[in-house]
1. A 24 angstrom limit on the alpha carbon distance is what I want to check against. Which of A:K86/A:K480; A:K272/A:K446; A:K86/A:K514; B:K144/B:K288; A:K180/A:K288; B:K180/B:K207 exceed it?
2. For a Förster distance of 60 Å, can you work out the FRET efficiency between the beta-carbons of A:R327 and A:I170, rounded to the nearest 0.05?
3. Count the net charge of all other residues whose Cβ sits under 12 Å from the Cβ of B:A415, scoring Lys and Arg as +1 and Asp and Glu as -1.
4. Averaged per residue, what accessible surface does region B:184-315 expose to a 1.4 Å probe, in Å²?
5. How many percent of all Cα-Cα pairs in region B:3-163 sit more than 22 Å apart?
6. In region B:184-315, if the dipole is taken from +1 on Lys/Arg beta carbons and -1 on Asp/Glu beta carbons about the Cα centre, which of B:T292, B:L315, B:I249 is farthest to the positive end?
7. So, counting K/R as plus one and D/E as minus one, what does the shell of residues with Cβ under 13 Å around B:P245 add up to?
8. Once you charge only the Cβ atoms, +1 for Lys and Arg and -1 for Asp and Glu, what is the size of the charge dipole of region B:339-514 about its Cα centre, to the nearest 20 debye?
Protein chains: 2
Amino acid sequence: MNGAGSLVSTLVDRGVEVCFANPGTSEMHFLSALENPRMRSVLCLFEGVCTGAADGWYRMRDTPASTLLHLGPGLANGLANIHNAKRASSGMVNIVGEHSASHLRYDPPLTSDIEGLARPLSHWVRRAESAATIGWDTATAVAKARELPGQIATLILPGDTAWMDAGEAILPPAVAPTRKTPDAARIEAIAKVLRSGEPALIILANKATRGRALELAGRIAAGTGCRLGSQFFTARIERGAGRVPIERIPYAVAQGSAFLAPFRHLVTLQTKEPVAFFSYPDKPSLLKPSGTQVHALAEMEEDAEAALEMLADALGLRRTAPRLQERIETPRPTGALNPLSIAHALAAATPENAIVVDESLTTGRETMGYTMGARPHDLINNLGGSIGYGTPVATGAALACPDRRTICMVGDGSAMYTIQSLWTQAREGLPVTTVIFANNQYAILKAEYANMGAGTTPGPQAMAMIDIDRPTIDWVAMAKSMGVPGVQVDTAEGFHDALVRSAQEPGPSLIEVKLY
Amino acid sequence: MNGAGSLVSTLVDRGVEVCFANPGTSEMHFLSALENPRMRSVLCLFEGVCTGAADGWYRMRDTPASTLLHLGPGLANGLANIHNAKRASSGMVNIVGEHSASHLRYDPPLTSDIEGLARPLSHWVRRAESAATIGWDTATAVAKARELPGQIATLILPGDTAWMDAGEAILPPAVAPTRKTPDAARIEAIAKVLRSGEPALIILANKATRGRALELAGRIAAGTGCRLGSQFFTARIERGAGRVPIERIPYAVAQGSAFLAPFRHLVTLQTKEPVAFFSYPDKPSLLKPSGTQVHALAEMEEDAEAALEMLADALGLRRTAPRLQERIETPRPTGALNPLSIAHALAAATPENAIVVDESLTTGRETMGYTMGARPHDLINNLGGSIGYGTPVATGAALACPDRRTICMVGDGSAMYTIQSLWTQAREGLPVTTVIFANNQYAILKAEYANMGAGTTPGPQAMAMIDIDRPTIDWVAMAKSMGVPGVQVDTAEGFHDALVRSAQEPGPSLIEVKLY
């Protein structure tokens, strides 16, 4: 077995089941090694799709996928979605092809400082030095990616390391990732805060917004009267009818601050206190009122479920019934498209157990609050703020959960970044409904222009950098070009019916929601 | 005037006329400053288009364009084409938006190590520390980008630096870029080599493949019997009927080595000796025969034209007539599409003074040799090897030269990387003909699989990472989705006629050349 074979074999031995790949000449031995029947390889036509798909996979499986990227520039193309994954604490293993050391000294065209490019957005970077040790390197990379919270591990694979004989691989022992338990004194201090009756908000994030952790938070809220919140963006929330509801802290600084104004205490799980997304000339960075105290119930690397368990125990609320979101039956809406009718269409048409990937920005910000009573679903958001995350993450999530419908809600500006995702969705027959909210502009920027104090309204040149209406993008033609059936809708009933139909078909489809 | 205003005003004062932008919230003051009537701002829907377009602009104008990118991830999306530009010695000024320092301490979502991301592929990186000094920083960035060879300058613009009052800008003196003249002893040594009659190849690159430098090289070749060559990839070559012809060193290691085998001397201008693009298990990195000497006539930072002038003088060949490429009249081809009929169609249909941007890889490698006798044109190639350079570079070249037809020849795999270019071409009404060579595969990898010794033919999994035929990409629909008229052709005459028609229309168009 050569080094590439040892690498792929170690990946699968350590539980990495999928590789999102965009290979080049230097990765031919890796391609050959992908014949390993335990590895699923998925071709993406741009590296940003590979890394975003790996993020989506982790969000649903809690276990890392791998990517195959072609030298420094291939890695560079994937970095924006690595940034987003890192912010979401999604683990992934990036394999980056590289020239052999003997060739690098001649500075051939594709040479770049791969470590330099990888380090700013990776937790762990290593250059595999020999075929004999690459198994060890790979196992280390996977262990790093599986740590809690998930880590970005980047392994650089020189050509000669891939093609030389690896011999018998020596691997470090496989260790299950562990999460630290918070210390009891901290739990007791927070219990005291919640017992005091002073207004408190528990902010849930990362793995605390699902399953047993979410349920425990609901018991604590029911028993103490505290409220449950999330950041505006969360890695994955189990949401909808029958789940413990979480209030979303608004995005805009004024509204976010107003939301937090009543609280004297913020209790955080696997997140930090709320911060404005951007800096503005006359707005604060921190959203909480001055004097409000922040208490970390579980840090990122700690066990949120155990922390909530301990807190519920300390408060004697383990058996208190949580308040659960009731199902709000929404009739099929009709008439004009607006945030409310869009929300009603979503609430009525989203099938049970759907995965909703939200990158709808302007439209979604006004809409998503109205879908709390939809059938139970998972909601995925972008924590990194780099647009172009939605369609790749939906691709990876659908591969991870082929029996569920993934609905990717994405603004037109964002969708254009990594639209190549549609092709992989068609190739793999993935059950993804891509909903393009086509308002023909980077609408978020129109509001932000005034928020920033750059002027009351943009002038013609500035507006030309915000409007994307000349030419109008034809999303149905775009989908068709990559083998995805598409439809354009301009009414609420049209949107609703298209959503229902899409969920009944097995493969991908696209709905252009015409908002202009 | 605020910092952003000072920045834009300094850019135009120092000769930067265009900004390829994809802005975000943190760049609103910059957008406002773009109202400056001396700056042309061009919206791109992905940052890789911005940086590639800046490269194309530089190739045609020899002066840098600017880009506007949204924080670290926006820069990351542009890095692959920055890599390509850097390898082509194209100067550019990247402006990267950033949070204010006061906000950065809270690590908001879009925070990343921008300097860390910029440094591996920039020659110069600076964080603007205040509105008062940003004029100075900007002038320094432009001076750096204008150096010879062109440099990548990256200026990081924190929000508060953009919006604070700049006062009166203090700028460093404007200095025209200079190129060093090679020393006379070196010229004399090379003259002696050429006088010896031993077989010699002059390898021209960068600015030596055009105008007076190319003509001088032709005189020297005619007078001494030496041959003129170029690397397989060159930033821009003035080529076709009436120009001094240059032989292209083949890409593949065996053919490249065979081409160089007769030569005892390689004389380089603004390039290094030929190196294999990739490392292979049993192929050499260097293409020249052992014992062949390499003589640098002009280093990258030296004046190639002056060096050739001095060499022609030393050889007494200033007035020797160079051999010029004759026009080869090619009849309109008919019948099946193959490398020869494609070449004939190109040779017959390429209009005078066209700009040909070549990213056609597999198809072009067999084709371009046959177009030497076409009407005079400029040929642009990718020196960095990261695919997705073609359509953005064509966009920038066409903006730089709106009175010429730009023909972008691109493989389907490469085109998918940065296909968003088509939208900017439609928006700006650019005279670009995009020719997609649709063979439904990363065809280059099929050959490289065996070259690499990964096996004689790829297995089914490996092949699934090379074929892009499921689904077939519909390029006409793709073009339509972004407002570009398109046509599919599957005969030589169809291709020829579509090319001719496209050059008669004012705006962009796309031709899908169906090779499967």
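1. Over 24 Å Cα-Cα: A:K86/A:K480; A:K272/A:K446; A:K86/A:K514; B:K144/B:K288; A:K180/A:K288.
2. Details: r = 55 Å, r/R0 = 0.92.
So the FRET efficiency works out to roughly 0.60.
3. -3
4. Values: 4590 Å² over 132 residues.
On a per-residue basis, region B:184-315 sits at 35 Å².
5. Values: 3873 of 12880 pairs.
Counting pairs separated by more than 22 Å, the tail of P(r) holds 30 percent.
6. Going by the charge dipole, the pick is B:I249.
7. Net charge in that neighbourhood comes out at +2.
8. Working: 10 positive and 17 negative charges, 28 e Å.
With Lys and Arg at +1 and Asp and Glu at -1, about 140 debye.
The values are calculated or read from the model by the stated rules, or taken from the named source; none is laboratory data. Predicted, not measured: the structure shown is a model, and the values here were computed from it. Counting neighbours? That spans all protein chains shown, and the Cβs are built from the backbone with ideal geometry, glycine included. SASA here: full protein model, heavy atoms, side chains in, ligands and nucleic acids out. Shrake-Rupley method; radii C 1.70, N 1.55, O 1.52, S 1.80 Å.
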